[in-house]
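Structure first, commentary second.
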Amino acid sequence: LPQVVTKPFSMTLLARCDWANPGDILIAKSGDELRGAEELKDLEGFPATLIQIFCDDAGEEISLWIMKPDGSLLPVANRFVSQPNGILGEYPAFMELVKDSSYKDPVIANELIATFPNPFNQSTTITFGISEDDCPVRISVYNMKGQKISRLIDDNYDRGTYSAIWNAEGLGSGIYILEFTAGTNRQTARIVLSK
């Protein structure tokens, strides 16, 4: 769990979040300061948790976030003010967390995003996006004669943005073709090895 800033007082929140997943983390903040963090568990068929939220005194605005396994934060619409020794939600009346409707989930496509640096001396980083879970991904490098030099990736990836490093040690200077395949999308890019 992320490191929480402890304060002299605390309060508890019993919450459920039907749009999150077990294993996601409920985060509580006051401004930019992390005041509470607890993993959501599958309780009675829905993701829920009991979280301790630290506070200096009454009246601090508390915002809530869902942290996904990739580290991204999704805002929760529920907001409240701190109440030392306060209890929000009591079994079986969980506080139901509402997704912030103003938040727009970033669009990720199956695409080759960048190779950097290009030209490169010994290694280059290849960044790519995957739009759906369990997507077959293959990244290969070919020389200008069409001969496969290297297969960097041949595996399934979940939705997100990833990077792979190609180390061209032992190869001569020149132009190489990077082939990226994800699902039904296929892209190629020229990369230049300059020693």
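About its Cα centre, the dipole of region 1-113 is roughly 40 debye, where the only charges are +1 on Lys and Arg Cβ and -1 on Asp and Glu Cβ.
The alpha carbon centroids of region 101-152 and region 28-45 are separated by 33 Å.
Here D56, D134 are placed in order of increasing Cβ neighbour count within 10 Å, fewest first, which gives D134, D56. Only the Cβ atoms of Lys and Arg (+1) and of Asp and Glu (-1) were treated as charged; on that basis the dipole of the chain about its Cα centre amounts to roughly 1120 debye. Highest GNM mean-square fluctuation among S82, S63, S123, for the chain modelled with Cα contacts below 10 Å: S123. In region 90-176, Cα pairs under 8 Å separated by at least six residues give a relative contact order of 27 percent.
In region 3-105, Cα pairs under 8 Å separated by at least six residues give a relative contact order of 33 percent. Starting from one equal scatterer on each C-alpha and no solvent at all, send me the Debye-based log10 I(q)/I(0) for region 89-195 at q = 0.11, 0.19 Å⁻¹, two decimals. The Cα Debye sum returns log10 ratios of -0.44, -0.93.
Proximity of backbone amide H atoms, modeled 1.01 Å from N, is registered between L34 and V5 at under 5 Å, excluding neighbours fewer than 5 places apart on the same chain. Summarising the amide proton neighbourhood of A168: residues at separation of 5 or more, or on other chains, whose placed amide H is nearer than 5 Å comprise S123, T124.
The relative contact order of the chain, computed from alpha carbon pairs under 8 Å that lie at least 6 residues apart in sequence, is 17 percent.
Number of Lys-Lys pairs in the chain with C-alpha atoms under 30 Å apart and a separation of 8 or more places or on different chains: 15. Residue-normalised convex hull volume from the C-alpha trace of the chain: 146 Å³ per residue. Among the trypsin sites (Lys or Arg not before Pro) within region 55-137, those in coil by DSSP and having at most 13 neighbouring Cβ atoms inside 10 Å are K104. Ranking of L50, L40, L112 by neighbouring Cβ atoms within 10 Å, starting from the fewest: L50, L112, L40. Counting charges near F9 (Lys, Arg +1; Asp, Glu -1) among other residues having Cβ under 12 Å from its Cβ returns a value of -1. Here I87, I66 are placed in order of increasing Cβ neighbour count within 10 Å, fewest first, which gives I87, I66.
All of the numbers you see were taken from the coordinates with simple rules; none came from a lab. This is a predicted model, so every value here is computed, not measured. No Cβ is skipped: glycine too gets one built from the backbone with ideal geometry, and neighbour counts run over all protein chains shown.
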